[in-house]
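Report on the following structure.
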Amino acid sequence: MSESSPSSLGTVAFVGGGNMASAIIGGLVRAGRAPASILVVDPGDAQRARLEAELGVRTLPAPGPALAEAQMVVWAVKPQLFQEAARPCAGHVSGALQLSVMAGIRSDDIAQATGSQAVVRAMPNTPALIGQGMSGLYARPGVTAEQRAAVEAVLAPTGRLLWVQQEVSLDAVTALSGSGPAYVFYVLEAMMAAAEAMGLSAEEGKQLALGTFAGATALAQQSDEPPSVLRERVTSKGGTTYAALTSLEADGVKAAFVKALQAAQRRAAELGDEFGASRP
């Protein structure tokens, strides 16, 4: 692995072929990787047929010797299925770089289950499906700079990447950005419901809510000022925005939101306790 382009890396194997795996594979193919160099292990007949037809990759219904050719193995199964999925793979993948996109499963458990100390954990989110994702990454000490670059090359087509220094930080990443799209959709639902309650049509409410979110996010990304300053600029004392924000503050929405993310962070840690082989 002397280069960091996705086409320079040898065979990449995916254990699990669901939505997130499909998003990463689609990005790799669009970036120029040969579909024949991608191998997907998934027990679902329909899922394998879809991946073969749409992306041209190779698939297996169960782990086999072909996994041994992989230089990178991407773990994309549900956390509760990891230990079961890893057992038949371990004999074939111990020499590969392991990249996990599973929530909660700790790198110690991945290293133990695969026999490889070269483990990178990634926490992507669903906008990766359209190349607009946000992924937090953590690498074990044994991962080389070259291997980090290989991981970046594989995940870059899915969106933005952020390396964190401590593995425990991934629980916060999971709570903030991993689960984050659901919070945005939740607020959009509320805005659209309010639009209809105020006499707008469902379609009008949808367009206004989506356009507002997209514009505000773009403004925040391009501005050097924090969201608090941008918020204050929209808020005139005694005005309409002031009335709405005062109502939200009175209902404790901000505090409730912080509490909710902390609940998600705790749950991410619990997943590692429940479904990993090692215990803290």
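The values are calculated or read from the model by the stated rules, or taken from the named source; none is laboratory data. These numbers were taken from a predicted model, which means no experiment stands behind them. Quick reminder, even Gly has a Cβ in these numbers, built from the backbone with ideal geometry, and neighbours come from all protein chains shown.
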| What pairs can you find where one residue is in region 240-259 and over 21 Å from residue 175 (Cβ atoms), the other is surrounded by 12 or more Cβ atoms within 10 Å (Cβ to Cβ) and basic (Lys, Arg), and their Cβ atoms are less than 9 Å apart, with a gap of 6+ or different chains? | 241/231; 245/231
| note | Those residues of region 170-186 which are in a helix (DSSP H, G or I) and surrounded by 14 or more Cβ atoms within 10 Å (Cβ to Cβ) amount to 170, 171, 172, 173, 174, 175, 176, 177, 178, 180, 181, 183
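So, in region 123-154, of the ones that are among the hydroxyl-bearing types (Ser, Thr, Tyr) and buried (at least 17 other Cβ atoms within 10 Å of the Cβ), which residue ends up nearest to residue 71 (Cα to Cα)? Even if it seems obvious, please write down each step before you answer.
First, pick out the residues of region 123-154 that are among the hydroxyl-bearing types (Ser, Thr, Tyr): 126, 135, 138, 144.
Of the ones still in play, those that are also buried (at least 17 other Cβ atoms within 10 Å of the Cβ) are 126, 135, 138.
Numbers: 126: 26, 135: 21, 138: 19 Å.
Across region 123-154, the extreme among qualifying residues is 138.
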| query | Does residue 40 count as at pLDDT 95 or above, within 19 Å of residue 114 (Cβ to Cβ) and touching a Gly at 6+ places or on another chain (Cβ under 6 Å)? | reply | yes
| Just for strands (runs of 3 or more DSSP E) wholly inside region 1-117: which have at least 2 residues that are within 21 Å of the chain's Cα centre (by Cα) and over 24 Å from residue 178 (Cα atoms)? | 38-41
| Across region 53-96, what is the total count of residues that are under 21 Å from residue 9 (Cβ atoms), in contact (Cβ under 8 Å) with a residue 60 or more places away in the chain and of a type outside the set (Val, Ile, Thr)? | 7
| task | Quickly run through region 151-172 and pick out the residues that are more than 29 Å from residue 11 (Cα to Cα) and within 11 Å of the chain's Cα centre (by Cα). | result | none
| said: So if I check each of 166, 207, which one is surrounded by fewer than 15 Cβ atoms within 10 Å (Cβ to Cβ), in a helix (DSSP H, G or I) and either modelled with pLDDT under 95 or polar (S, T, N, Q) (or both)? | reply: 207
| message | Suppose the filter is small (Gly, Ala, Ser), loosely packed, with under 15 Cβ neighbours inside 10 Å and either in the same structural domain as residue 153 (by TED's automatic domain parsing) or touching a residue at least 24 places away in the same chain (Cβ under 8 Å) (or both); does residue 17 pass it? | response | no
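Out of 172, 139, 111, 122, which single residue is of a type outside the set (D, E, K, R) and outside the structural domain of residue 63 (by TED's automatic domain parsing)? Show your work before the answer.
Values: 139 fails: outside the structural domain of residue 63 (by TED's automatic domain parsing); 111 fails: outside the structural domain of residue 63 (by TED's automatic domain parsing); 122 fails: outside the structural domain of residue 63 (by TED's automatic domain parsing).
Just one listed residue meets the conditions, 172.
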